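Okay, so here's the structure we're looking at.
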Amino acid sequence: MTATPRPPIWDVAIVGLGPAGRALAHRATALGSAVVSVDPLPRRSWTATYAAWEDELPGWLPRDAVATRTDRPAAWTARRHIIDRTYCVLNTSTLQSILGDNCGTVIAGRAVDLSPTSVRLDDGSTLNAHVVVDARGTGDSPDLAQQTAYGVVVDPGTAAHALGGEAAVFMDWRRDNGTSPTDTPSFLYGIPLTRDRFLLEETCLVGRPPLPISELATRLHDRLRARGVTVPSHSDVERVRFAVEPPPEAGRSHSSDQVRFGARAGLMHPGTGYSVAASLLYADALARDLRDGSNTRLWPWKARTVASLRSVGLRVLLDLGPEHVPEFFEHFFDLPPRLQAAYLSERSNLRGTLSAMGRMFVASSGDIRGVILRSTLRREVR
């Protein structure tokens with residue numbers, strides 16, 4: 001935190017200091033804006049695992065923010081696939097340190113009311129700014145589709161046994177986790193956190209309601225036992241639960257001019273739950289717009305259209321029968337790498353997104369095509 005004199009009106013006030021809020025504060029300060037940020041616990045350490053495809057990361061991010069890189073990770077449906085991209089796991093503590101350096105003034109407090117130009121705190125004080133940015137994430141609501149996961153941290157030898165010698169596994173949908181084809185599916189995610197620490201995690205990609213973490217823990221240990229792996233009792237554990245949709249109230253404010261960023265702004269991919277890389281990548285663009293008084297460029301029409309298509313994809317995932325999920329992802333991993341990247345990472349690549357979805361529709365069975373059509377029609381009439 002810095003103790004600089006407070007101007008009567010800040011250039012930018014940011015509410016929420018997760019990765020998105022920190023990234024925006026860092027980049028806006030670097031551009032010369034007077035920035036104030038508010039968070040109830042601004043000193044809390046980040047403990048989540050953040051990962052990204054290497055080509056998603058911005059050029060300003062130092063290389064030491066990346067803990068591990070895996071070229072061409074594997075995926076499993078009914079068969080093995082290779083993803084022709086480099087997958088990165090971020091060094092969470094280093095990332096937090098980088099973004100926490102030179103990020104303006106930080107205030108520990110809870111925002112109770114936001115307008116486009118003011119923030120009222122729970123102590124009764126008010127911060128005035130030319131622009132207020134809401135970066136408070138998705139929140140926690142049982143009405144929203146959520147991703148849940150349970151993971152254990154193991155040594156490289158144990159991970160190699162569990163992953164069949166793969167350097168990393170992005171998704172493994174095989175049902176050696178004690179489930180039947182009629183059970184809600186979950187997959188194994190296995191990645192190197194550091195040179196000597198691997199994360200093995202059982203994940204429910206999206207559910208409404210999601211699978212309980214206790215169920216995922218049981219599935220993970222059943223899967224690992226089936227592969228001859230016993231997890232040491234002292235292993236570190238990761239538990240994950242977050243909404244992959246922005247809360248309804250995030251779309252409402254005192255004015256349509258309220259600026260949002262990160263998952264709060266819909267930057268989270270609804271089909272994967274990834275948002276950190278997008279927030280890092282677009283922090284510069286938003287910071288420049290805020291400095292110059294321009295309209296924000298986060299949502300040009302192509303990006304809005306791609307977001308609508310991705311919402312259809314989320315609806316399809318929620319509507320698919322459990323027995324069809326592995327086939328659905330088999331067709332996805334059979335796409336050319338450029339189309340996989342278009343759907344997963346490129347927010348304004350409308351042509352690529354349409355092409356990816358069209359190819360998957362053509363390749364799918366009649367049952368899956370029916371789900372896609374019904375989900376699309378329901379999305380359109382809402």
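What the table shows:
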quantity	calculated
Within a Gaussian network of the chain (alpha carbon springs, distance under 10 Å), most fluctuating of Gly157, Gly262, Gly190	Gly157
For Thr68, distant residues with modelled amide H under 5 Å away	Val89
Length added when fully stretched, Asp84-Thr376, from 0.36 nm per residue minus Cα-Cα	102.2 nm
Cβ charges +1 (Lys, Arg) and -1 (Asp, Glu), total dipole of region 213-304, debye	220 debye
Theoretical gain in end-to-end length, Thr182 to Asp140 [0.36 nm per residue, Cα-Cα removed]	12.3 nm
Percent carbon-and-sulfur accessible area, the chain, ignoring ligands, DNA and RNA, probe 1.4 Å	50 percent
Share of Cα-Cα pairs in region 146-243 lying beyond 22 Å, as whole percent	21 percent
Folded to 0 to 90 degrees: helix 213-226 orientation relative to the chain principal axis, Cα	40 degrees
Dipole of region 1-145 [Lys/Arg +1, Asp/Glu -1 at C-beta], most positive-end residue of Val36, Asn102, Gly124	Asn102
Cβ-defined net charge surrounding Pro73, 15 Å radius [Lys, Arg +1; Asp, Glu -1]	-4
Dipole-positive endmost among Val112, Gly157, Gln340 within the chain (Cβ charges, Cα centre)	Gln340
Low-density loop positions, trypsin sites (Lys or Arg not before Pro), region 47-81 - DSSP coil, at most 11 other Cβ in 10 Å	Arg79
Peptides 228-238, 284-294 ordered by average Cβ neighbours within 10 Å, highest first	284-294, 228-238
Cα centre as origin, Lys/Arg/Asp/Glu Cβ charges: region 153-199 dipole, Debye	60 debye
Residue-normalised accessible area of the chain, given per residue in Å² at a 1.4 Å probe	44 Å²
Principal-axis tilt of helix 350-363 within the chain, Cα atoms, nearest 10 degrees	20 degrees
Stokes-Einstein translational diffusion, region 301-377 - Kirkwood Rh over all Cα pairs, 1.306 mPa s, 10 °C, in µm²/s	128 µm²/s
Rounded to 10°, Cα long-axis angle of helix 276-292 versus longest principal axis of the chain	20 degrees
Reference-scaled alpha-carbon Rg (2.2 N^0.38 Å with N residues) for the chain	1.01
Over the chain: helical MRE at 222 nm, DSSP H runs n ≥ 4 each giving -39500 (n - 2.57), nearest 500	-10500 deg cm²/dmol
Relative packing of peptides 352-364, 114-126 - highest average C-beta neighbours within 10 Å first	352-364, 114-126
Note, ³J(HN,Hα) from phi for region 144-149, Karplus 6.51, -1.76, 1.60, rounded to Hz, x at Gly and Pro	9, 4, 10, 10, 10, 7
Order by protection proxy (mean Cβ within 10 Å, highest first), peptides 15-26, 263-274	15-26, 263-274
Test item: Cα-centred dipole of the chain, Lys/Arg +1 and Asp/Glu -1 on Cβ, debye	600 debye
Leading residue at positive end of dipole, region 146-243 (Cβ point charges), from Thr194, Gly228, Gly178	Gly178
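The values are calculated or read from the model by the stated rules, or taken from the named source; none is laboratory data. For clarity, every value in this text was computed on a predicted model and none was experimentally measured. For neighbour counting, all protein chains shown are included, and Cβ atoms are generated from backbone atoms with ideal geometry for every residue, glycine included. Surface accessibility is based on the protein's heavy atoms, side chains included, excluding ligands, DNA and RNA. Shrake-Rupley method; radii C 1.70, N 1.55, O 1.52, S 1.80 Å.
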